[in-house]
Amino acid sequence: MKLKKLVSVFLTGAVALSLAACGSSATTETTAAETTAAETEAAETTVAETEAESEAAEAEAPDVSEMGPILKDIAENGVMKVGIIGNSPTFCFHTIIDGEDQLVGFEVAGMYEMADRLSDYLGRDVSVDFYESDLTGCTSALQANQIHFITRLSPTDERKENWLFTDVYHKSDECYVAKKERVDDPLFTGTLEGVTVAGQMGSIDLTMTEHLYPDAELQQLSATPDLLLAVKNDRADLACMNAVQAQMAVVANPDLAVVDSLTWEPTDDFDQGCGLCMAYGNEDFADWASAFFADIDAEGLWDQMQIDAANQLDEEALKDLIVG
């Protein structure tokens, strides 16, 4: 032991002995007893507070035994297993952040937020495990109980015969893209007589266009880049697509723009929107998830997530839409 420390220990001990010698034995015993009592009381108070907090948490936490399969599994294992249809900007796509490939998009952000709020609801940490595939792959995984639910599926009557859905959490407007210098073209009014509209073969976009603008000449093409190229090369006046695709199309091609006067909100007859799809028997989770989407929408968080996702679009995410 170093000399200075030895001196310190010695002096401390000497002072303690001196104070003990100056006081009566009764005073010393009383002080010790008071200290012990105070420490005991403080310890008992801490234990009581901890027990009260634990009891409150238990009272607030839902009863696992009464949960459906999804909530029960998440409560027991702390993992929310999400089937997500990949490569669909701005819903879900890959980008490079800090040199690493990462899955991003407003649906991805929404799932992380859902896990955070499930953590509060269930009283335990909940993480997200994404299963990224196409529709067939996600459906197969759902049937095999490898995932809890699939994002972004339209609750059609046929699907609802076999699967349970949350409330619709997203529904895109129908948009029409034109050359930027033609957005105010007087032809883009009324029934679109004399206007050629390119759309993806078999899409709801073309079905809605035919209903809304019966005098338009429809041109069926195979993919979104083909529609954009047709407009750029004057083989079509307009390209019809949902708002998400339109947003990406004009970001990727600055010479194109959305014709705001033609933007239309589809009725359920044409587009029922999309929700989470899961097995029946999980009505408690479906109700909770529907309330979650309603909450983040009311808070403005859902809109912000969509804005953030659009800001994350880069050349890699948009490469298939850059044409001309």
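The values are calculated or read from the model by the stated rules, or taken from the named source; none is laboratory data. From a predicted model like this one, the values you see are computed outputs, not experimental measurements. In this analysis, Cβ positions are derived from the backbone assuming ideal geometry, glycine residues included, and neighbour counts consider all displayed protein chains.
What are the residues in region 210-253 that are under 15 Å from Lys319 (Cβ atoms) and either touching a Gly at 6+ places or on another chain (Cβ under 8 Å) or part of a loop (DSSP other than H, G, I, E, B) (or both), if any? Scanning region 210-253 gives Ala223, Leu228, Leu229, Asn253.
For region 188-220, taking the residues that are within 21 Å of Val251 (Cα to Cα) and not acidic (Asp, Glu), the one that is surrounded by the fewest Cβ atoms within 10 Å (Cβ to Cβ) is identified as Gln200. Here Leu192 meets the list (1) farther than 18 Å from Asn242 by Cα; (2) touching a helix residue (DSSP H, G or I) at 6+ places or on another chain (Cβ under 7 Å); (3) assigned to a loop (DSSP other than H, G, I, E, B) almost entirely, failing just condition (2).
Every condition in (1) within 22 Å of Pro225 (Cβ to Cβ); (2) part of a helix (DSSP H, G or I) is met by Gly324 except one, and the failing one is (2).
Condition check ((1) within 24 Å of the chain's Cα centre (by Cα); (2) crowded, with 18+ Cβ neighbours inside 10 Å) across all residues:
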| residue | (1), (2) |
| --- | --- |
| Ser261 | no, no |
| Asp271 | yes, yes |
| Asp287 | yes, no |
| Gly300 | yes, no |
| Ile307 | yes, no |
| Ala310 | yes, no |
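Scanning for something within 13 Å of the chain's Cα centre (by Cα), buried (at least 17 other Cβ atoms within 10 Å of the Cβ), in contact (Cβ under 8 Å) with a residue 24 or more places away in the chain and on the phi > 0 side of the Ramachandran plot, does region 90-99 turn up at least one residue? No, region 90-99 contains no residue that is within 13 Å of the chain's Cα centre (by Cα), buried (at least 17 other Cβ atoms within 10 Å of the Cβ), in contact (Cβ under 8 Å) with a residue 24 or more places away in the chain and on the phi > 0 side of the Ramachandran plot. For the subset of region 273-285 comprising residues that are aliphatic (A, V, I, L, M) and outside any loop (DSSP other than H, G, I, E, B), which member is surrounded by the fewest Cβ atoms within 10 Å (Cβ to Cβ)? The residue in question is Met278. Screening Arg117 on (1) modelled with pLDDT under 95; (2) farther than 14 Å from Met278 by Cα; (3) not in a loop (DSSP other than H, G, I, E, B) shows it passes everything except condition (1).
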